[in-house]
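Report on one structure; see the data block that follows.
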Amino acid sequence: SRVASLLADSEIDDLGIHSEMFTTGLMRLHQAGKVSNRKGSDFDGFSPTTFAAGVPELYEWLRDNRAVRFLPVGVVNSPENIARNRNMVSINGALAVDLAGQIVADTIAGRQFSGVGGHEDFVGGPGLDPTDRSLVCLPSSSLLNGVRVSRIMSSLPAGSVVSTPRHQVDVVITEFGVAELEGRTIRERARALAAIGHPDFRDELLWSAERWPED
């Protein structure tokens, strides 16, 4: 939603929307006149979604609004349908990622935190078309009881539950940069992920990146 709000205030336009969840930010994109929905797919002219969550204004705006259509999750989250959109760029969040590129998005310490939803669908779907991209965005660290912990991890703790496997992941982004993973070797991927870690942990991550995963 934050990314959508930033796009609404930018000079970028001629955008299309294809999202499992319709948010306040996506409404702001429509209201700002940024959405043309010229996707070159079966979803031309409207924003497909499965459910909405946001401020009260969102639900009023959605009522009888033909610019948005609520469709079955099997249609909206179909990787093949996602990939058919023109120049598709998906944006997903994550809780943690290890140096192999494995993504944890719906559990914390092995305990369910949220639903996995369409995470893997929207990460893997763009991989079906060479012109599409998928972005996984997360802060490089978090404060836990006042202690900073890295969210780019040398390896996931025992008992972690992977939401999206490493072979699906294209690009990982933190506030410290972009790790381009698609088409890179195991060692190159690990180094790229370590390089976007928080400075407090980066040296340790770079050391680990030379040793694990093994290639």
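Quick one: dipole size for the chain, taken about the Cα centre, charges +1 on Lys/Arg Cβ and -1 on Asp/Glu Cβ, in debye to the nearest 20.
The dipole magnitude comes to about 200 debye.
Of 129, 170, 203, the residue with the greatest mean-square motion in the GNM of the chain, using alpha carbon springs below 10 Å, is 203. With a cut-off of 10 Å between beta carbons, the residues surrounding residue 77 carry a summed charge of -3, where Lys and Arg count +1 and Asp and Glu -1. Can you tell me what share of the DSSP beta bridges in the chain is antiparallel? A percent to the nearest 5 is fine. If I count the DSSP bridges inside the chain, around 45 percent turn out antiparallel.
Taken over the chain, the alpha-carbon convex hull comes to 136 cubic angstrom per residue. Across 47, 142, 90, mean-square fluctuation computed from a Gaussian network of the chain (C-alpha pairs under 10 Å connected) peaks at 142. The heavy atoms of residue 131 offer some 90 square angstrom of accessible surface to a 1.4 angstrom probe.
Counting only Cβ charges, +1 for Lys and Arg and -1 for Asp and Glu, the dipole size of the stretch 16-102 around its Cα centre is about 320 debye. If you take the Cα centroid of the stretch 170-201 and the Cα centroid of the stretch 1-68, the two points sit 30 Å apart. Mean residue ellipticity at 222 nm from the helices of the chain, using -39,500 (n - 2.57) per DSSP H segment of n ≥ 4 over the full residue count, to the nearest 500 deg cm²/dmol? After summing the helix terms and dividing by the residues of the chain, the value is -7000 deg cm²/dmol. Solvent exposure of residue 18, expressed as accessible area, is near 20 Å², computed with a probe of 1.4 Å over the protein chains only.
The values are calculated or read from the model by the stated rules, or taken from the named source; none is laboratory data. Since the model is a prediction, treat every value here as computed from it, not as a measurement. Quick reminder, even Gly has a Cβ in these numbers, built from the backbone with ideal geometry, and neighbours come from all protein chains shown. To get the accessible areas, we keep the full protein, side chains included, count just its heavy atoms, and leave off ligands, DNA and RNA. Shrake-Rupley method; radii C 1.70, N 1.55, O 1.52, S 1.80 Å.
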